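Here, each number is a calculation from the coordinates, and none is a lab measurement. Predicted model, so just to flag it, every value in this text is computed and none were measured. As a convention, Cβ positions derive from the backbone with ideal geometry for all residues, glycine included, and neighbour counts pool all protein chains shown.
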Amino acid sequence: MPIPTENVGSLPRPAKLQAAIAAYDAGEITHDQLIAEQDQACSDSIHRMEGTGSPMVTDGEQRASSFATYPLTDTLAGTGLADNLAGDGQYFAIFDDGHHRQLPRLTGGPFRYKTYAADYLEKAIPLASVPMKQAVIAPSMLMLLYPLDEEVPGYSREEFLSDLVDECEKDIRKCFEAGAVRVSIDFTEGRLANKNDPNNPWTGRGMLQQFIDLNNRVLDRFSPEERRNIGIHTCPGGDMDSVHSKEVDYAELLPSMFQMNAGYFLIQLASEDDKEHVYQLIGEHSRDDANGVPQVCFVGVIDPLNPEVETPERVRDALLTAAKYIPTERLGATDDCGFSPFSIDEKPKHGSPDFARDIAFQKISARVEGVRLASEELGV
């Protein structure tokens with residue numbers, strides 16, 4: 001069969017939708033008016049992605065506050081924050097351009113999602129004519145909701161982690177029940193865990209193995225057949241056209257990351273300086289038997305942070321080089337990251353969210369065509 005390909009999840013939100021979110025936060029429009037803008041953006045996202053020839057599509061996460069906070073709040077500004085949370089939580093990432101993104105803080109138990117990814121998917125599937133995938137957040141990210149050094153009164157850390165694992169499993173299962181053919185888990189905190197940023201306390205605590213173990217607590221609740229279609233996405237961040245951990249060598253992440261018993265991995269690579277180094281690491285550390293399932297490695301061939309559109313030939317050549325190190329039957333292609341993981345994103349290198357949105361579909365088209373060319377060359 002041809003080399004498989006899929007996107008990570010998000011697409012840039014139209015400027016009109018971003019303005020509607022701000023207006024909703026300010027109390028200037030109703031929730032129904034916001035939903036109308038989301039409906040329009042979702043429909044446009046699905047239809048335009050289908051137009052790229054992509055074998056699998058998403059709604060571009062147009063309804064989500066962000067890839068990380070969709071279970072917790074209606075908007076990125078904190079409107080509609082879920083119970084037992086406050087807005088002054090841990091910075092989960094400080095980006096190279098100086099801006100940061102922040103999580104809420106857990107104030108009590110029990111921990112429950114307010115919104116599941118399937119709530120969005122159920123509205124999107126009737127709009128699509130090809131299979132849909134859905135991205136969900138990793139328990140290792142939401143683990144950072146709990147204060148680093150304090151105990152939440154009446155709600156121990158282990159009680160929280162137990163509830164968190166239950167909710168993450170439920171999030172994935174509900175996506176499959178709603179009709180998703182694939183579910184990928186966003187794990188951007190994996191590479192960041194090795195940065196040791198003095199401005200971001202959690203990164204200096206050697207938490208990577210805790211993250212891996214916690215994610216496996218969720219993955220190991222699924223059968224090998226189910227895990228064939230559950231993926232892990234890793235990247236050095238991708239927000240406001242900036243990154244948070246690109247300087248961290250993949251050698252510090254990949255051996256641990258492939259301990260997770262997922263069936264496939266979506267790995268940022270197009271923007272790496274030494275791609276062959278990473279291809280080799282993937283070939284050495286990915287497993288052909290991860291507790292009953294082979295690990296398929298989708299290498300990033302598209303850089304969402306760069307407005308230059310890759311040619312199909314560049315995509316083809318990247319995959320041909322990757323195939324020197326990664327078995328062809330376990331090779332796939334993806335974009336480095338979601339094109340806009342946060343609902344408010346100015347896309348400064350692109351000039352505007354609307355231009356970035358147009359570029360995103362051109363890039364996806366190039367990926368799809370490049371995969372076709374590489375598949376022909378490799379005879380698969």
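A few points about this structure:
- Square roots of five times the Cα gyration tensor eigenvalues for the chain, Å: 29, 25, 20
- ARG173 paired with GLU150, simple spin-label distance in nm, labels 7 Å along Cα-to-beta-carbon: 3.4
- Residues in the range 122-151 that a label on THR107 would reach, taking backbone N under 18 Å of a point 7 Å out along Cα→Cβ: 145-148, 150-151
- In this simple spin-label model, placing a label point 7 Å from the Cα along the Cα-to-Cβ direction at both GLU376 and GLU50 gives a separation of 2.6 nm.
- Taking 4.7 Å between C-beta atoms as the pairing limit, the chain has these partnerless cysteines: CYS42, CYS168, CYS175, CYS297.
- Cα-based reach from LYS349 at 17 Å (exclusive), listing lysines while leaving out same-chain residues under 8 positions away: LYS363
- Residues whose placed amide H lies under 5 Å from that of VAL57, excluding near-sequence neighbours: MET132, LYS133
- Whole-Hz ³J(HN,Hα) from phi, Karplus 6.51 cos²θ - 1.76 cosθ + 1.60, for the range 87-102, glycine and proline x: x, 9, x, 5, 5, 8, 8, 10, 8, 5, 7, x, 7, 9, 10, 10
- Amide hydrogen proximity for LEU331: with H placed 1.01 Å from N in the peptide plane, the residues at 5 or more positions away or on another chain lying under 5 Å are CYS297.
- Length gained on full extension, THR328 to ASP220, computed as 0.36 nm times the residue gap minus the Cα-Cα distance: 36.3 nm.
- At 0.890 mPa s and 25 °C, Stokes diffusion of the range 124-188 via Kirkwood alpha-carbon radius, µm² per second: 181
- Ranked packing of 328-338, 34-44, most packed first, by mean Cβ within 10 Å: 328-338, 34-44
- Between ASP249 and ASP197, residue separation times 0.36 nm minus the direct Cα-Cα distance comes to 17.2 nm.
- Fewest-first ranking of ARG227, ARG217, using other Cβ atoms within 10 Å as the exposure measure: ARG217, ARG227
- Rg and Dmax over the alpha-carbon atoms of the range 126-240 stand at 15.7, 49 Å.
- Among the GluC sites (Glu not before Pro) in the range 131-239, those placed in a DSSP loop whose Cβ has at most 14 other Cβ atoms within 10 Å are GLU150, GLU151.
- The range 1-147: proportion of alpha-carbon pairs further apart than 22 angstrom, %: 45
- Rough spin-label spacing in nm, given labels placed 7 Å along Cα→Cβ, for ASP213 and ARG157: 1.0
- Close amide H contacts of SER184 (hydrogens built in the peptide plane, cut-off under 5 Å, sequence separation of 5 or more or a different chain): GLN134, ALA135, VAL136, GLY231.
- In the range 1-61, one over the average inverse separation of all distinct C-alpha pairs is 12.8 Å, which is the Kirkwood hydrodynamic radius.
- Karplus-based coupling profile of the range 106-114, in residue order and whole Hz: 6, 10, x, x, x, 8, 9, 5, 8, with θ = phi - 60° in 6.51 cos²θ - 1.76 cosθ + 1.60 and x standing for Gly or Pro.
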